[in-house]
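The values are calculated or read from the model by the stated rules, or taken from the named source; none is laboratory data. Just so you know, these numbers come straight off a predicted model, no measurement behind them. For neighbour counting, all protein chains shown are included, and Cβ atoms are generated from backbone atoms with ideal geometry for every residue, glycine included. Heavy atoms of the whole protein, side chains included, go into the accessibility calculation; ligands, DNA and RNA do not. Shrake-Rupley method; radii C 1.70, N 1.55, O 1.52, S 1.80 Å.
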Amino acid sequence: MQLLQLANFVLQNLLQSRISFIIFFHCWANNETLQFAQQIQQPHQQLIYYQFAHLRDWNWEHLEQRYLDHAQPTLAIYVDLRCMRSRSLLAEASRARLYNQHYHWVLHDSSEAFSFYDFFRRSNISIDADVDYVKQHIPNSGDKDAVVYTVYDVYSNGNHIGGQLNMTVNYELSCNRSSCDGIRYLSSLHLRSKYGNREQLTDVVLRVATVVTQRPITWPPEQLLQFLNQINDTHIDGIARFGFQLSLILKDLLQCGMNFTFKDRWSYGDYNGGSVGAVVDETADIGSAPCLATPGRLHLLSAIIETGYFRSICLFRTPHNAGIRGDVFLQPFSALVWFLFAGILLLIALMLWLAFYMESKRMHRSWRLEFVPSLLSTCLISFGAACSQSSALTPRSTGGRLAYFALFLISFIMYNYYTSVVVSSLLSSPVKSKIQTVQQLAESSLTVGLEPLSFTKSYLNYTQRPEIHLLRKRKIEPQSHNPELWLPAEQGILRVRDRPGYVFIFEASSGYEYVERYYTQQEICDLNEILFRPELRLYTHLHRNSSYKELVRLRLLRVLETGIYRKHRTWWARMRLHCYSQNFVITVGMEYVAPLFFMLLCGYLLVLLLLLLELAWQRYAQRSD
């Protein structure tokens with residue numbers, strides 16, 4: 001056996017694969033092993049960490065734990081197929097599913113007695129396998145020490161689902177005792193990446209677990225597939241049907257078949273039952289409906305790529321009888337500005353009174369007023385100017401008129417700014433409720449209803465958020481015997497429309513369709529949203545040890561990059577409502593106008609009271625005379 005040539009070939013193979021750790025399973029004599037090791041340790045060679053394991057050991061149980069336990073990205077494994085005991089080693093590796101991306105197998109065949117294809121065609125070699133089958137022969141050239149090694153790339157698309165063993169010649173390398181010559185490629189494998197050569201699964205039928213929650217699972221498979229293939233009524237099982245459409249795109253990209261099994265839920269617990277459980281126990285290769293990546297699931301599954309969103313919200317219309325709000329008429333200015341403005345008005349009122357008084361005493365008799373207005377009258381004139389009202393009394397002097405001009409100028413500026421802010425705040429955008437959080441909702445007097453979804457019930461029972469516990473205690477538990485607590489999405493959305501102040505908790509992708517169908521634009525703009533739970537992203541999951549993880553990830557990443565995913569998500573999942581407030585006039589309700597009427601009523605009552613006091617005083621004065 002040409003061990004020196006073999007050592008040079010192994011070094012070249014490891015260099016090309018960028019691997020520095022290797023274990024040799026062999027049946028060589030001790031002197032041959034020493035000669036091989038010395039060749040590898042040549043100073044001019046690359047640094048290699050190696051270990052030898054003789055094939056005289058017949059017990060290959062716990063092969064990975066005993067021999068192949070490593071912390072490197074990839075470990076190279078050399079097996080001499082000339083050794084008879086190598087068959088049991090390869091069979092155990094197949095049983096333990098070790099032909100995967102974590103191990104680079106170099107299967108060296110230097111004899112004609114071993115039929116590689118017949119032995120491996122039923123073995124469990126995966127699509128991500130990194131297996132080099134090496135055949136050697138002596139060339140007809142004049143170099144007697146030269147050995148030519150022909151390397152084949154070996155993989156299978158999945159023997160358990162119909163995949164056939166694939167052997168493709170890659171390159172050949174001529175090695176002598178000192179070195180190896182240049183590589184001569186025999187195919188185009190080197191021009192593409194590993195998965196670029198394995199991008200189609202034409203000979204397999206992938207097992208896909210599909211979720212259907214809004215149709216009886218007992219329906220015939222053809223009828224369920226017809227329902228999932230429909231593109232109308234996107235609010236019915238929207239997330240599950242969206243994932244099904246993505247799986248059809250994946251099927252076209254992989255050129256494979258798909259066998260769909262139908263489940264009525266994602267899972268019973270965290271990872272038991274449903275489509276998630278089918279992927280966990282490997283009765284399905286992939287789940288079509290994206291699901292949440294919880295810590296418990298990630299111990300057994302791998303989240304491949306983000307393929308959806310989950311948004312559960314509390315929706316209600318602004319309650320117009322929630323209380324009188326007069327603060328909107330005071331909001332344009334701060335308290336300091338209001339006090340300063342009042343002080344300026346009083347100051348100008350005093351100046352006007354002085355002007356009238358001086359005119360009556362010092363000016364020409366023909367210019368004088370018949371009477372001197374009181375200080376209360378000048379205050380009334382100042383306040384009227386602030387409200388854009390004129391006055392019948394006008395100073396005759398230049399100074400008085402300048403004071404009058406300053407009063408109207410500052411009143412004009414303040415009045416225009418004030419009215420513009422009030423009008424814009426009341427009419428430019430819909431009035432929203434001050435209830436912005438789940439805790440505020442729990443502490444309010446609003447009535448709550450929920451859509452009967454399994455994950456909503458689980459969240460209410462198992463979440464650690466204190467505001468959800470408070471909501472359950474104050475809003476849900478008191479209605480435990482109320483048959484209208486849990487309502488279908490359509491009925492709950494209609495109740496929100498008809499009863500301002502009623503709160504309905506539902507999943508956005510299914511409920512927004514009913515909102516757009518039954519609500520006017522003005523009613524949509526009147527809606528308030530509170531996140532019932534943080535927005536969560538949904539992922540396509542495969543089993544943690546699945547050999548299709550990287551291939552599926554690359555194909556779905558391509559779907560994301562080309563915009564196909566966004567197109568389908570826009571159609572299937574409505575994540576927000578659009579308010580076009582410019583298309584209608586927003587009316588101001590009594591909650592804002594009531595303070596004005598209340599002020600007017602209080603003013604008339606005060607006037608009536610003063611009138612009665614004046615009449616009483618007048619009568620008292622007449623009796624005294």
Exercise for review: Might you check whether a residue that is in contact with a strand residue (DSSP E or B) (Cβ under 7 Å, 6 or more places away or on another chain), closer than 23 Å to Y195 by Cα and assigned to a loop (DSSP other than H, G, I, E, B) occurs anywhere in the stretch 257-269?
Suggested key: no
Point to revise | Subset of the stretch 500-519 (residues that are free of Cβ contacts under 8 Å to residues at least 40 places away in the same chain and open to solvent by 40 Å² or more (accessible area, probe 1.4 Å)) | key: R517, Y518
Exercise for review: Could you identify the single residue in Q522, Q491 that is open to solvent by 70 Å² or more (accessible area, probe 1.4 Å), free of Cβ contacts under 8 Å to residues at least 24 places away in the same chain and not hydrophobic (A, V, I, L, M, F, W, C)?
Suggested key: Q491
Practice item. Would you be able to tell me the number of residues in the stretch 542-558 that are open to solvent by less than 40 Å² (accessible area, probe 1.4 Å) and out of contact with any helix residue (DSSP H, G or I) (no Cβ under 6 Å at 6 or more places or on another chain)? Key: 6
Exercise for review: Filter the stretch 460-488 for residues that are of a type in the set (S, T, Y) and either outside any loop (DSSP other than H, G, I, E, B) or without any contact (Cβ under 8 Å) to a residue 40 or more places away in the chain (or both) and give the result.
Suggested key: Y462, S480
Practice item. Considering only the stretch 417-460, state which residues are modelled with pLDDT of 80 or more and of a type in the set (S, T, N, Q). Key: Q436, T437, Q439, Q440, S444, S445, T447, T456
Check your understanding: Across the stretch 48-61, which residue is nearest to the chain's Cα centre (by Cα) among those that are within 23 Å of R82 (Cα to Cα) and assigned to a loop (DSSP other than H, G, I, E, B)?
Key -> E61
**Study point:** Which listed residue is under 27 Å from R566 (Cα atoms), open to solvent by 20 Å² or more (accessible area, probe 1.4 Å) and without any contact (Cβ under 8 Å) to a residue 24 or more places away in the chain, from D264, D252, D281
**Key:** D252
Review point. Can you find even one residue in the stretch 188-203 that is open to solvent by less than 60 Å² (accessible area, probe 1.4 Å) and over 27 Å from R558 (Cα atoms)?
Key: no
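In the list N545, N583, which residue meets the criterion of being farther than 19 Å from T234 by Cβ, over 16 Å from the mean Cα position of the chain (by Cα) and at pLDDT 80 or above?
Only one candidate passes the filter, namely N545.
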